[in-house]
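Reading through the C-alpha cells given below for one structure.
The values are calculated or read from the model by the stated rules, or taken from the named source; none is laboratory data. None of these values were measured; they are calculated from a predicted model. A quick note on method: Cβ atoms are made from the backbone with ideal geometry, for glycine too, and the neighbour counts reach across all protein chains shown.
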Amino acid sequence: MLRYKIRRRDRQRPPADLLIRRKREGWWPGPEGLQRAVSILIMLLTVAKLISVAVANPTPVAVPGDIIKIKGQLFWAQPSNEIKVWPVATPWARPARVCAFDIGLMAREGGALTVLAVRKDGVMLSWAGGPTAAAGRACHAGPGGILISTSEYQGLLMRLTRRH
C-alpha cells in the first residue's frame, strides 16, 4: 500500500514593514494626530451648524388662525385677573392706549380669542364674546385687533389649560 505524506505549507508572512504600514493606514493618509484633529473639527462644525439652525428658527409662539376658547372655571394663579393689552388698527400699526382684559369676566361670559398676526412685540388677537373688562377699562378694538405681549400670551395659554 502506498502512503502519501501530507505536508502542510506554512503561509509566508509578509515583511514587517508592510505590516506596520497596514496598521497605520486609515481613512486619512497621514499621521494619526492629523486624522483625529480633522474628525474632531468635522464634529464641532456639525454641532455648530445644528445649534445655529435651532437659534435662527425658533418654534413659533402662535400661528395666525389659532383659536383659544375661554369658558367656565379657570385656574388663574395671579392675584389679579387683568392682562394689559393694546388696540391696534392693522398688523403694522403702532399700539394705541393701554386697556385691560379681565380674564375672570371673560370666562364667565364665554368667548374665543383668535390669532390674527404674530409681531415682534407680541401677538395680535381678535375677541369674539362678551365684555372684556369693567365699563371704564374695556377694550374696543373696532375693525383691528388687540395686541398682547408674547410673554402674556404664553402665560394665558398655560393658565387656560386644564389641570388633571
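Sort out which residues of the stretch 83-103 are closer than 13 Å to residue 129 by Cα and among the small types (Gly, Ala, Ser), and write them in order of number. Residues satisfying the conditions do not exist here.
Listed residues 21, 36, 7, 13; which is surrounded by 10 or more Cβ atoms within 10 Å (Cβ to Cβ) and modelled with pLDDT under 75? Only one candidate passes the filter, namely 21. Listed by position, the strands (runs of 3 or more DSSP E) enclosed by the stretch 54-164 that each have at least 3 residues that are modelled with pLDDT of 85 or more are 67-70, 111-119, 122-129, 145-148. Sub-9 Å Cβ pairs linking a first residue in the stretch 91-108 that is under 23 Å from residue 119 (Cα atoms) to a second residue that is at pLDDT below 80 and in a helix (DSSP H, G or I), at least 6 apart or interchain, are 103/159; 103/160, ordered by first then second residue.
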